[in-house]
Ligand code: ADP
């Protein structure tokens with residue numbers, strides 16, 4: 001049933017905003033240039049979008065600087081900021097379905113996922129950070145000597161934020177939520193594949209009362225607009241989500257310019273460990289979700305499925321059956337689990353990895369090719385007999401390709417799971433509390449999901465060990481990315497009183 005060959009369903013939304021959002025106004029790029037954003041279902045152009053370059057980044061940073069140094073935002077009461085964030089969340093909730101349609105059109109993810117999960121998560125996250133806005137405060141510190149000592153927690157200034165295409169709006173929310181709650185101003189660069197939804201959401205923040213210049217959105221490419229932001233002398237903090245290779249580039253640009261602090265959320269090759277006590281049916285379902293969710297385009301995808309030898313054969317058989325049942329097709333259609341990959345580059349890259357798996361001797365259980373004959377759809381693919389040294393077991397595929405590896409004992413699987421340059425997340429599937437606790441402590445990763453996966457509440461911190469990143473987003477932890485600490489030391493004349 002190659003749904004992808006049918007006529008694509010028309011999205012129930014118009015593209016309203018394609019310009020850059022600078023200083024509260026939609027404007028063309030200084031160069032007048034535009035680029036095409038494409039519908040991954042067909043490869044056809046959705047819209048021509050203003051292409052920001054370094055001149056536009058300069059304009060946006062100047063607006064953010066003025067809004068920070070002179071504007072009302074950091075000087076407003078925390079309560080006023082909180083109320084604007086809450087109003088923005090209400091407006092986004094009100095426009096849930098249009099925003100979801102835009103997200104699915106530009107990105108290809110199932111509409112049901114956008115409308116019922118991701119836009120509600122965005123709203124929840126903005127409300128969560130609105131809740132923090134008036135609860136940020138410093139400490140009183142005991143010091144030696146006759147001094148009264150306090151710390152002030154102040155916004156850091158102009159935040160540069162660069163986001164990827166796999167969760168355009170959730171990445172927008174993870175970045176702008178804490179930055180705004182702390183009183184910073186922002187220049188955000190969206191991914192060139194998915195510029196549309198953030199422009200819509202940012203406009204709603206302005207309708208909610210956000211002053212001009214506080215949240216500027218620049219569409220454009222990485223080596224031009226992105227690099228200009230990372231190396232800008234007047235940007236006080238950089239937050240980046242994307243590949244590990246690009247993370248290295250932006251960290252270097254930040255260091256070479258003004259040493260702005262950088263948080264990085266990068267790639268992964270996360271293990272999903274199925275222990276011998278597993279209920280195989282449940283383990284298959286969760287491992288399937290851990291890998292195939294979002295077309296496999298998750299930095300934390302459970303992309304190395306380690307299965308204990310006692311349940312391995314049964315697991316492989318059932319994982320294959322589950323992948324064969326996965327519904328692939330037009331993401332606007334109800335009941336669809338998997339839409340197209342984001343673009344032709346990713347589509348080709350995933351097919352290359354599949355070929356390398358076959359060439360290196362892994363067993364292709366199912367899938368392995370494109371789905372349909374139009375757009376960037378790929379068949380849900382399962383490899384068994386995967387060995388640690390194969391490229392498909394070491395590198396980030398970022399597609400619907402499950403790789404299943406066999407293990408004998410827990411000490412061995414810990415060593416193999418940790419034998420990677422990444423350390424973003426891990427899944428552990430067991431009923432044995434000692435196994436769960438021991439594995440949790442031994443795994444060198446930023447998140448361990450036990451008998452669950454991809455649980456992303458606003459309050460749960462997320463980030464990587466090793467080359468998966470620096471710093472944490474979400475939760476209380478992310479506030480410190482956007483705050484400076486000022487120590488205030490006052491001499492006491494009469495310390496003995
Ligand atoms: P992917 O390969 O998945 O597209 P990237 O890390 O290249 O991941 O992209 C993530 C974000 O980083 C995008 O917004 C992209 O435009 C941006 N980007 C890419 N290259 C650079 C660069 N040299 N400097 C700054 N940003 C970049």
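Entry remark, region 34-52: residues being in a loop (DSSP other than H, G, I, E, B), surrounded by fewer than 19 Cβ atoms within 10 Å (Cβ to Cβ) and within 24 Å of the chain's Cα centre (by Cα) number 1 in total. Taking (1) more than 16 Å from residue 381 (Cβ to Cβ); (2) buried (at least 24 other Cβ atoms within 10 Å of the Cβ); (3) away from the ligand (no atom under 12 Å from the Cβ) in turn, residue 275 satisfies each apart from (2). Residues of region 153-178 that are touching a strand residue (DSSP E or B) at 6+ places or on another chain (Cβ under 6 Å) and within 11 Å of the ligand (Cβ to nearest atom): 160, 161, 162, 163, 164, 171. In summary, residue 146 fulfils each of the numbered conditions (1) within 16 Å of the ligand (Cβ to nearest atom); (2) over 14 Å from residue 478 (Cα atoms) with the single exception of condition (1). Checked against (1) at positive phi; (2) away from the ligand (no atom under 16 Å from the Cβ); (3) surrounded by 20 or more Cβ atoms within 10 Å (Cβ to Cβ), residue 129 passes all but condition (1).
Evaluated against (1) under 30 Å from residue 114 (Cβ atoms); (2) touching a helix residue (DSSP H, G or I) at 6+ places or on another chain (Cβ under 9 Å), residue 31 falls short on exactly one condition, (1).
The single condition among (1) over 22 Å from residue 274 (Cα atoms); (2) in contact with a strand residue (DSSP E or B) (Cβ under 9 Å, 6 or more places away or on another chain); (3) in a loop (DSSP other than H, G, I, E, B) that residue 399 does not meet is (1).
Just one of the numbered conditions (1) buried (at least 24 other Cβ atoms within 10 Å of the Cβ); (2) over 23 Å from the mean Cα position of the chain (by Cα) is not true of residue 401: (2). For beta carbons closer than 9 Å, sequence separation of 6+ or different chains, a first residue in region 219-248 that is free of Cβ contacts under 8 Å to residues at least 12 places away in the same chain and under 15 Å from residue 191 (Cα atoms) and a second that is in a helix (DSSP H, G or I) and near the ligand (Cβ under 9 Å from one of its atoms), the qualifying pairs are 223/249. The set of residues in region 230-251 that are near the ligand (Cβ under 10 Å from one of its atoms) and farther than 22 Å from residue 467 by Cα is empty.
No value in this document is a laboratory result; all are computed from the given coordinates. Treat the numbers as computed from the prediction; the structure is a model and nothing was measured. Glycine also receives a Cβ, built like all others from the backbone with ideal geometry; neighbour counts cover every protein chain displayed.
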